[in-house]
Amino acid sequence: MLFDERPKERREDLYDREAEIEKIKDSIGRPLILVTGIRRIGKTSVIRVALNEIDVTKIIVDVRGLPENYSRLHLYSKLAEALSKTSNRIVEALKRVRGISIMGFEVELTWRGRDMVTLPSLFDALDDTGAVIVFDEAQNLRGPLSREFLESLAHAYDYCRNLTFILSGSEVGLLYDLLKIDDPSSPLYGRYFVEIKLERFSRKESIDFLEKGFSEAGKNVPVSLIEEAVDLLDGIPGWLTFYGARCLEGRCDPREVLSLATRLARRELENLLRNRPVRYKHVLKAVAEGARSWSEVKRYLERVENKTISKSILSNILRNLEKMSIIKDYEFLDPIYREASKKLV
Ligand SMILES: Nc1ncnc2c1ncn2[C@@H]1O[C@H](COP(=O)(O)OP(=O)(O)OP(=O)(O)O)[C@@H](O)[C@H]1O
Ligand SMILES: [Mg+2]
């Protein structure tokens, strides 16, 4: 069903994305694939659909929600959880690895001490299975263990001939920061990777998506409402799906959906900014209120903070907000985040 709000698993539930799915499938066997795009654009769906269409063992490690200063225990819990959800082949391959115990269908990883499992030894043990290992929202792996993670990825890149890693990221600049492919001091320096960038639907595609979804569900919705929804929600598949699903429940007012979506996005923004100085919020509000240049943002900040603002600090904040894929060139990448920013308190 096109309007199912969970990440899609099957191609018939996914609108378009043919080229992206084929590119992922064609790239299986290469060491490293990046799938990038803003929140709700369909990264997880595209990866899952592609992997469900080929005969590979997949290990999907969802690293959303890793705390900023995550420990090895945090990381290994995510890995153990992912390994426990995979096939017998994986479990068989892991049985002989020191520091790994198999309890029924659950995999346990020793995370410190003499028997600690190291990531390179884990990847070596998995190599014969030819698994595809996905780290979903991989930018969250930045932090104290990022070097260890990168070194193990570089090890797998060079020595595990059968493994493919897929890293997805909705904070695209932060994902690049993690990998540091262009930095000679990074373990992954100069390594080639395939990148699949997911873009929003065009206006025409967005309308077609909504029409197809309603027709699939046998519901008649006036074109004017569909067009209004697309105008407000832009071509972001996740918001369009949200609208479609609500409308199937009889709540077809696009403005009502916009306000629900804004509330959701506001909570997400608050989360993203939780450990950042309050000035980040001011910069977002400035851009949301229409500041279109560096000096306009600066003027806005100086007004609300009653302070002069240092050049380097402001540039740094703008750069970080771009890396988080929230804004680019003084525009929000997602109009709902613009509305949400206006409402930040
Ligand atoms: N091409 C598509 N056709 C139909 N539904 C889609 C499509 N792309 C995304 N969706 C829907 O949009 C929502 C977001 O999709 P998904 O979770 O795959 O995106 P994501 O980029 O991984 O998002 P996040 O950054 O929040 O993890 C889900 O409800 C999903 O079902
Ligand atoms: Mg996702």
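A few comments on the model shown:
- Beta carbons closer than 6 Å, at least 6 apart along the sequence or on distinct chains, pair a first residue in region 43-61 that is in contact (Cβ under 8 Å) with a residue 24 or more places away in the chain and over 23 Å from LEU122 (Cβ atoms) with a second that is within 10 Å of ligand 2 (Cβ to nearest atom) and of a type in the set (Ser, Thr, Tyr) for LYS43/SER168.
- Summed over region 208-229, the residues that are touching a residue at least 60 places away in the same chain (Cβ under 8 Å) and assigned to a loop (DSSP other than H, G, I, E, B) give a count of 1.
- Residue that is farthest from ligand 1 (Cβ to nearest atom) [pool: residues in region 178-207 that are surrounded by 16 or more Cβ atoms within 10 Å (Cβ to Cβ) and assigned to a helix (DSSP H, G or I)]: LEU179
- Only one entry of ALA261, ALA286, ALA265 meets the criterion of being modelled with pLDDT of 95 or more and more than 25 Å from the chain's Cα centre (by Cα), and that entry is ALA286.
- Positions within region 60-92 being touching a Lys or Arg at 6+ places or on another chain (Cβ under 8 Å) and within 16 Å of ligand 2 (Cβ to nearest atom), in sequence order: ILE60, VAL61, ASP62, VAL63, LEU66
- Exclusive hit being within 23 Å of the chain's Cα centre (by Cα), within 28 Å of VAL35 (Cα to Cα), in contact (Cβ under 8 Å) with a residue 24 or more places away in the chain and surrounded by fewer than 17 Cβ atoms within 10 Å (Cβ to Cβ), set ASN271, ASN275, ASN316: ASN275
- The listed residue being of a type outside the set (A, V, I, L, M) and surrounded by fewer than 19 Cβ atoms within 10 Å (Cβ to Cβ), out of PRO31, PRO7: PRO7
- Among the candidates THR308, THR241, residue that is β-branched (Val, Ile, Thr) and surrounded by 13 or more Cβ atoms within 10 Å (Cβ to Cβ): THR241
Table: residues versus (1) outside the structural domain of LEU179 (by TED's automatic domain parsing); (2) under 20 Å from THR86 (Cα atoms); (3) among the acidic types (Asp, Glu); (4) at pLDDT below 95.
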site: ASP16; (1), (2), (3), (4): no, no, yes, no
site: ILE21; (1), (2), (3), (4): no, no, no, no
site: ARG30; (1), (2), (3), (4): no, no, no, no
site: ARG39; (1), (2), (3), (4): no, no, no, no
site: ILE47; (1), (2), (3), (4): no, yes, no, no
site: VAL63; (1), (2), (3), (4): no, yes, no, no
site: PRO67; (1), (2), (3), (4): no, no, no, yes
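- For ASP55, the conditions (1) surrounded by fewer than 16 Cβ atoms within 10 Å (Cβ to Cβ); (2) near ligand 1 (Cβ under 10 Å from one of its atoms); (3) more than 22 Å from GLN139 (Cα to Cα) are fulfilled apart from (2).
Table: residues versus (1) in the same structural domain as ASN320 (by TED's automatic domain parsing); (2) among the small types (Gly, Ala, Ser); (3) more than 20 Å from ILE38 (Cβ to Cβ).
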site: GLY173; (1), (2), (3): no, yes, no
site: ASP177; (1), (2), (3): no, no, no
site: LYS180; (1), (2), (3): no, no, yes
site: ASP183; (1), (2), (3): no, no, yes
site: LEU188; (1), (2), (3): no, no, yes
site: ARG191; (1), (2), (3): no, no, yes
site: ASP208; (1), (2), (3): no, no, yes
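- All conditions but one from (1) modelled with pLDDT of 95 or more; (2) within 30 Å of ILE236 (Cα to Cα); (3) among the acidic types (Asp, Glu) apply to ASP127; the one that does not is (2).
- The residue of region 12-28 that is nearest to ligand 1 (Cβ to nearest atom), among those that are crowded, with 16+ Cβ neighbours inside 10 Å and assigned to a helix (DSSP H, G or I), is ASP13.
- Applying the set (1) away from ligand 2 (no atom under 16 Å from the Cβ); (2) assigned to a helix (DSSP H, G or I) to GLU268 leaves exactly one unmet item: (1).
- Residue that is nearest to ligand 2 (Cβ to nearest atom), among those in region 151-175 that are of a type in the set (Phe, Trp, Tyr) and in contact with a helix residue (DSSP H, G or I) (Cβ under 8 Å, 6 or more places away or on another chain): PHE165
The values are calculated or read from the model by the stated rules, or taken from the named source; none is laboratory data. Owing to the predicted nature of the structure, the values given are computational and were not obtained by experimental measurement. With ideal geometry, Cβ positions are generated from the backbone for all residues, glycine too; neighbour counts draw on all protein chains shown.
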